[in-house]
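The values are calculated or read from the model by the stated rules, or taken from the named source; none is laboratory data. The shown structure was predicted, so the numbers you read here are calculated from the model rather than taken from an experiment. Heads up, the Cβs are rebuilt from the backbone with ideal geometry, glycines too, and the neighbour counts pull from every protein chain shown.
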Amino acid sequence: MADTGAERRNFARERTHIKVELLKDLKRVKGIMEYVSFGGAFVRLSKTFLPDSTLQVQFTVPGEFSPFKGNAKVVWVKKDKAIGIEFVDLPASEKLKLEKLLLSL
């Protein structure tokens, strides 16, 4: 039986199609968040980052005045320009935005 990764997930993931911006130092890359959970996201982008990189993540949450802004760690990288990120050290305000997004999906 193939490992789908589902056994390692702590949070249910939701399918989405949200524009996201990832920043590391002076590198700014735009992509599409295809799956999201309370713990992290799957992002397809034109340029990847190295595993274990710490990034700033920003995306619009429908119904929110200000965008979601938080830190994430790259947990895996695929050659076809996709990464898996884990949200880290999110402030309470950003956790609420993420929860609102997940409830709307």
Residue under evaluation K19, criteria (1) charged (D, E, K, R); (2) closer than 21 Å to L101 by Cα; (3) surrounded by fewer than 13 Cβ atoms within 10 Å (Cβ to Cβ); (4) modelled with pLDDT under 95, criterion not met: (4)
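Quick grid of which residues meet (1) more than 18 Å from E14 (Cα to Cα); (2) in contact (Cβ under 8 Å) with a residue 12 or more places away in the chain; (3) not aliphatic (A, V, I, L, M):
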position: Q56; (1), (2), (3): yes, yes, yes
position: F59; (1), (2), (3): no, yes, yes
position: E64; (1), (2), (3): yes, yes, yes
position: G70; (1), (2), (3): yes, yes, yes
position: K73; (1), (2), (3): yes, yes, yes
position: E86; (1), (2), (3): no, yes, yes
position: S93; (1), (2), (3): yes, no, yes
